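Written out below as structure tokens is the structure these notes cover.
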Amino acid sequence: MSDALFLKDGRYHIPTDQSRGPWSPDHLHGGPVVGLMAHAAEQASGQPDLRLARLTVDLLRPVPKQPLEVDARVVRPGKRLQVLEVRLLAGDKEVTRASALFLEKSTVDVPPHGRFVETGLRPPEAHSAPDLATAAGWSKRYSPHGFHTTAQAIVLEGVQGQGRGRVWMRLPLPVVQGEETSASVMAATLCDFGNGVGQLNLGPSLGSINADVSLYLHRAPVGEWLGMEAGSHMQDNGMGLVETTLFDAEGPVGKVLQATIAMRTGGK
């Protein structure tokens, strides 16, 4: 087992087994892909006074488990606001595209009625926990190895296909070997699990799969545990939305939105 989701080899990022998805050993889970895009955006930003406020990732096609190239560039420079574009390439094929928004940090006096409401939840004191697949009882449904068996979780409620769930999650290894994983990148890497935590099962072998991830962070999470409270809804046209609140011991840190479509389980 590797000690990272990706290994760096020159201009390539080599996915490890821990980054695989639950459906096929040949494709990656969305979480490591989103995390890698966030990591690349932070590195390309070059502005330590700005912080990641939004990351929108379009999952154009399944990302193969093969050497990947990441291309990140600034499309709107600035000292208070910066926009970056990130592309993920497998060979000569673009497999994922992202837009990242960085905003200036400042100190303001916010009145009580404008503050985020605390959750009152406290993260686990342990430094480890079962993997998400084990904690949620998914082990018999999915591939025995991948990101779903790497990310750690403590289930508070739900996560049984009824369209809602609340968990604490932890990323036990870095995104890229030998490189620091910031708190914002950690949140980006875990946030794709919103659709898993709030998965809406529609019948035998029929579920909902997300085609994108939009992460909004109003502050970076504190500590090694990230809380997730996810809820899913769908129209009878097969189009749905997952909305996830991210939180830590101090309260909410952001939101995740994911557009979903009804699909037979087993692949995109």
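Of the residues that make up the stretch 51-60, is at least one in a strand (DSSP E or B), closer than 30 Å to residue 107 by Cα and among the basic types (Lys, Arg)?
Yes; the residues of the stretch 51-60 include at least one that is in a strand (DSSP E or B), closer than 30 Å to residue 107 by Cα and among the basic types (Lys, Arg).
Restricting to the stretch 187-225, name every residue that is surrounded by fewer than 16 Cβ atoms within 10 Å (Cβ to Cβ) and among the hydroxyl-bearing types (Ser, Thr, Tyr).
205
Counting only residues that are part of a loop (DSSP other than H, G, I, E, B) and of a type in the set (S, T, N, Q), which one in the stretch 74-122 is modelled with the highest pLDDT? Quick ask: steps written out before the conclusion?
Let us first name the residues in the stretch 74-122 that are part of a loop (DSSP other than H, G, I, E, B), namely 77-80, 91-92, 105-111, 115-122.
Then keep just the ones that are of a type in the set (S, T, N, Q); that gives 106-107, 119.
On the way: 106: 89, 107: 92, 119: 85.
Going through the qualifying residues, I end up with 107.
Tell me which of these residue 26 doesn't satisfy, since it passes every other one: (1) closer than 20 Å to residue 99 by Cα; (2) over 15 Å from the mean Cα position of the chain (by Cα).
(1)
Taking strands (runs of 3 or more DSSP E) that do not extend beyond the stretch 182-268, which have at least 1 residues that are over 16 Å from the mean Cα position of the chain (by Cα)?
206-210, 225-234, 239-248, 251-264
Could you count how many residues in the stretch 177-193 are touching a residue at least 60 places away in the same chain (Cβ under 8 Å), out of contact with any Gly (no Cβ under 9 Å at 6 or more places or on another chain), on the phi < 0 side of the Ramachandran plot and not hydroxyl-bearing (Ser, Thr, Tyr)?
Residues flagged as touching a residue at least 60 places away in the same chain (Cβ under 8 Å), out of contact with any Gly (no Cβ under 9 Å at 6 or more places or on another chain), on the phi < 0 side of the Ramachandran plot and not hydroxyl-bearing (Ser, Thr, Tyr) within the stretch 177-193 amount to 2.
Which residues, counting only those in the stretch 33-50, are closer than 20 Å to residue 81 by Cβ, in a helix (DSSP H, G or I) and small (Gly, Ala, Ser)?
Residues of the stretch 33-50 closer than 20 Å to residue 81 by Cβ: 37-38, 40-50.
Adding the requirement that they be in a helix (DSSP H, G or I) leaves 37-38, 40-45.
The answer is 38, 40, 41, 44, 45.
Can you tell me which residue is surrounded by the most Cβ atoms within 10 Å (Cβ to Cβ) among those in the stretch 42-83 that are of a type in the set (S, T, N, Q) and more than 30 Å from residue 22 (Cα to Cα)?
82
Does the stretch 166-179 contain any residue that is out of contact with any His (no Cβ under 6 Å at 6 or more places or on another chain), in a loop (DSSP other than H, G, I, E, B) and modelled with pLDDT under 95?
No, the stretch 166-179 contains no residue that is out of contact with any His (no Cβ under 6 Å at 6 or more places or on another chain), in a loop (DSSP other than H, G, I, E, B) and modelled with pLDDT under 95.
Looking only at the stretch 200-241, which residues are of a type in the set (A, V, I, L, M, F, W, C) and under 23 Å from residue 119 (Cα atoms)?
Across the stretch 200-241, the qualifying residues are 215, 217, 220, 222, 225, 226, 228, 230, 241.
Assess whether residue 88 counts as being touching a strand residue (DSSP E or B) at 6+ places or on another chain (Cβ under 7 Å) and in contact (Cβ under 8 Å) with a residue 60 or more places away in the chain.
Against the criterion (touching a strand residue (DSSP E or B) at 6+ places or on another chain (Cβ under 7 Å) and in contact (Cβ under 8 Å) with a residue 60 or more places away in the chain), residue 88 does not qualify.
Restrict the check to the stretch 141-155 and report whether at least one residue is at pLDDT below 95 and among the small types (Gly, Ala, Ser).
The answer is yes; a qualifying residue exists.
The values are calculated or read from the model by the stated rules, or taken from the named source; none is laboratory data. This is a predicted model, so every value here is computed, not measured. In this analysis, Cβ positions are derived from the backbone assuming ideal geometry, glycine residues included, and neighbour counts consider all displayed protein chains.
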